[in-house]
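Report on one structure; see the data block that follows.
The values are calculated or read from the model by the stated rules, or taken from the named source; none is laboratory data. This structure is a prediction, so every number in the text was calculated from the model and none was measured. Reconstructed Cβ throughout: ideal geometry from the backbone, glycine too, with neighbour counts over all protein chains shown. Ligands, DNA and RNA are stripped out before the accessible areas are found, and what is left, the full protein with its side chains, is counted by its heavy atoms. Shrake-Rupley method; radii C 1.70, N 1.55, O 1.52, S 1.80 Å.
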Amino acid sequence: MNLLSLDFAGYFLLFFVGYWLLQPSSWLQNIVLLLAGLGFMALASPEALLVLLAWTALIWLLSLYIRHGGRRCIANALLIGMVVGFFFIFKYYHAMQDTLDHWRVAVGLGVHLPIMEMLAPLGLSFYVFHSISYIVSLQRTEEDKGRGALPREHINGNPDSFFALLLYLSFFPSIVAGPINRAAHFMPQLLPMQPRRIEQPARAIGLIVLALLKLFLISDYLDKHLVAPVFSAPTNASPLASLTAVLAYAWQIYMNFSGYTNLVTGIALLLGFQLPRNFNAPYLALDLKEFWGRWHISLSQFIRDYIYIPLGGSRCGLLRQNANVFIAMVLSGIWHGAGLNFVLWGALHGAGLVVVNLFQQGRRGPHGKRWLTFPAPIARLFTFAFICLTWVFFRASNMDDATTLLDNIGHITPSMLVHPSALIMWALLLIVMGYRWLEKGKLALWNGLSRLPLWAYPPCLIVAITLIFMLAPAGTPGFIYANF
């Protein structure tokens, strides 16, 4: 069930009314919230619900082992094995069957591999990520209260912690594509000491309207008119159309994913929950490290805390630090997909971060002063160009399509850049240069709307939503990150 569909709107409205009729009982609200989450999964796919329940049971058993004094290294090994096994079965095995069968024949194995067509359940990645956060936070309860440990009353003293775990993993606003809710931050919200209330209702409604604007008007338009026609048939695309499609995709994926985040953040606020910030004007980044501090922030922090730091982080010297960065980003690429194009996307970002680290280490003179810097507009444009290059591999269906697109772009001539048909390409590029002022304008508009009297909100909302649906392309947009 698409969160932008009328079916979901009706589903959420019924749930929303029942949910707040049960205030001030957070316990009864949680029961309704859990049923809504399980119902959302079941409507999307009954098989997905079964997988979620099975996975939750395994995580619950592992938590029992930890609570009863189980060895941490064994618990971590079991968790890693479960995560790798689940991803391999549901996400990678089908894509790798031909390759695995080829290797089987090459080494002379007579055993045939089973043919499985297991569809990855909705939200698989995100409830696995949430589970990792839960287990790690549980392990830290007694050891370190300042590093994301779960409060004792939410674990050891709570007889309903299986219920709380299932509620945490099935929280439907963020189950499709995040953001990743850390257990130590989110579980206390699920088990509050005080009755819930709607958080910042004006901001919540504003975020939902902003999401509709991004998803219906901008992201969907860019996809249907500039991106999909080229990426679906790159051999038929001209050099200029190929470059325009790449620039358009950079804005499409940002508007799509940040729009989804705005939508679920607004929904969560209406239910009394605060979700973590997931975007902070990422194309304002002056280098790749800053970009990953602004793009999909919850995933970036997850990679840092649960992959990069356990590998050794920056504690073992510059060489090991950069190796850890590269490995973490390659694993991020593999998470996004089993194709070689995703591996290369992660490797390019890993190599780019290594270059940034080495540059930042080497650009200081003998007295600690920076001896080499770039003007902010140049640094921002160069960073954006590198990100667009990597988006080619991220969006393309396979490596052949990606190389075809890059080859097309390589045949651009100066005369093409001054042709009237290049106007859209230049507009997309100029948005990058004016992005800083656009963000300031958006903030000023947001602050102005927040000062409107309550009676002004309904007519403004009616006008905004009417214009969005009048101007938007036909159909319901999808969520790009729901595929991961």
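A few remarks follow.
- ³J(HN,Hα) computed for each position of region 254-268 - Karplus, 6.51 cos²θ - 1.76 cosθ + 1.60, integer Hz, glycine/proline x: 5, 5, 5, 6, 5, x, 4, 4, 4, 4, 6, 5, x, 4, 4
- Label point distance in nm, Leu50-Leu6, each placed 7 Å from Cα along Cα→Cβ: 3.3 nm
- For the chain, relative contact order (Cα pairs under 8 Å, six or more residues apart, normalised by length) works out to 17 percent.
- As a calculated quantity, the FRET efficiency between Glu439 and Tyr65 at R0 = 60 Å, using C-beta atoms, amounts to about 0.80.
- Relative packing of 408-416, 427-435, which averages over residues the other C-beta atoms within 10 Å, highest first: 427-435, 408-416
- Computed Rg/Rh of the chain, alpha carbon atoms with Kirkwood Rh: 0.97
- A simple charge model with +1 on the Cβ of Lys and Arg, -1 on the Cβ of Asp and Glu and nothing else charged puts the dipole of the chain at about 1740 debye relative to its Cα centre.
- Phe479 long-range amide H proximity, modeled H, under 5 Å: none
- Placing unit charges on the Cβ atoms of the charged side chains and taking the dipole of region 212-340 about its Cα centre, the candidate lying farthest along the positive direction among Gly313, Trp292, Ile267 is Gly313.
- Accessible-area composition of the chain, carbon plus sulfur, in percent [1.4 Å probe]: 69 percent
- Scalar couplings 3J(HN,Hα) for region 417-426, obtained by applying the Karplus form with A = 6.51, B = -1.76, C = 1.60 to θ = phi - 60°, are 6, 9, 6, x, 5, 7, 4, 5, 4, 5 Hz; x denotes Gly and Pro.
- Computed on region 188-346, with alpha-carbon pairs under 8 angstrom and 6+ residues apart, the relative contact order is 20 percent.
- Amide H contacts under 5 Å for Phe279: Ile297, restricted to partners 5 or more places along the chain or on a different chain, H placed in the peptide plane at 1.01 Å from N.
- Averaged over residues, the count of other Cβ atoms within 10 Å places the peptides 67-74, 295-302, 315-322 in the sequence 295-302, 315-322, 67-74, highest first.
- Potential extension, Asn447-Val355 segment - 0.36 nm per residue separation minus Cα distance: 29.2 nm
- Net length gained if the chain between Cys460 and Gln301 were fully extended (0.36 nm per residue, minus Cα distance): 53.6 nm
- Total lysine pairs in the chain at Cα distances under 26 Å, for residues eight or more apart or on different chains: 8.
- Shown in residue order for region 456-462 are the 3J(HN,Hα) couplings computed by the Karplus curve 6.51 cos²θ - 1.76 cosθ + 1.60 at θ = phi - 60°: 7, 5, x, x, 5, 5, 4 Hz (x for Gly and Pro).
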